[in-house]
Amino acid sequence: MSHTAKPVIGISCGDLNGIGIELIVKTFSDTRLLEHCTPVIFSSGKAINFYRKSFADINFNYQNIKDFSRIGHKQINLFNCWEEEVAITPGQLSDVSGKYAVLSLQTAVAALKQKQIDGLVTAPIHK
């Protein structure tokens, strides 16, 4: 577990075409949350940036991490679960977007089991 006073909380992204990433971006645009926890989002930078660009008036910044020893405790962290380009079509369920939602969740659960994060919040996955 973390050696800081704040818990390190993993967040799975949910279905790429669902509301999960949109909620993550909107929620953590309020930087006051960083006083209470250190978030680690399990997704891809490309997916996060797709939704971040949808909200020009929202300030949402993050750092990419490749291993958990590099977590920034005063900022949002993104653990890239995949690098490939994935088509995102909000509101349209697809097997592909569901596949990456499961990958996000599996990666986050593995990090929790290995005690690299202290807790996990999951976004919805649709079938």
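At a glance:
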| quantity | calculated |
| --- | --- |
| Where a residue in region 59-77 is in contact (Cβ under 8 Å) with a residue 40 or more places away in the chain and its partner, wherever it lies, is of a type in the set (Phe, Trp, Tyr), with Cβ under 7 Å and at least six apart | 75/62; 76/28; 76/62 |
| Any hit, region 65-85, residues being under 15 Å from the mean Cα position of the chain (by Cα) and hydroxyl-bearing (Ser, Thr, Tyr) | no |
| Some residue of region 23-35 being among the β-branched types (Val, Ile, Thr) and crowded, with 21+ Cβ neighbours inside 10 Å | yes |
| Extreme residue, surrounded by the fewest Cβ atoms within 10 Å (Cβ to Cβ), among residues of region 37-58 that are of a type in the set (Lys, Arg) and free of Cβ contacts under 8 Å to residues at least 40 places away in the same chain | 53 |
| Members of region 1-36 found to be free of Cβ contacts under 8 Å to residues at least 40 places away in the same chain and not in a helix (DSSP H, G or I), listed by number | 3, 5, 29, 30, 36 |
| Count of residues meeting criterion [within 22 Å of residue 106 (Cβ to Cβ) and either open to solvent by less than 20 Å² (accessible area, probe 1.4 Å) or of a type in the set (D, E, K, R) (or both)] in region 1-21 | 12 |
| Complete set of residues in region 104-126 that are over 20 Å from residue 8 (Cβ atoms) and within 13 Å of the chain's Cα centre (by Cα) | 124 |
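The values are calculated or read from the model by the stated rules, or taken from the named source; none is laboratory data. In this text, all values refer to a predicted model and were calculated from it rather than measured experimentally. A quick note on method: Cβ atoms are made from the backbone with ideal geometry, for glycine too, and the neighbour counts reach across all protein chains shown. Ligands, DNA and RNA are excluded from the accessible area calculation, which covers all protein heavy atoms including side chains. Shrake-Rupley method; radii C 1.70, N 1.55, O 1.52, S 1.80 Å.
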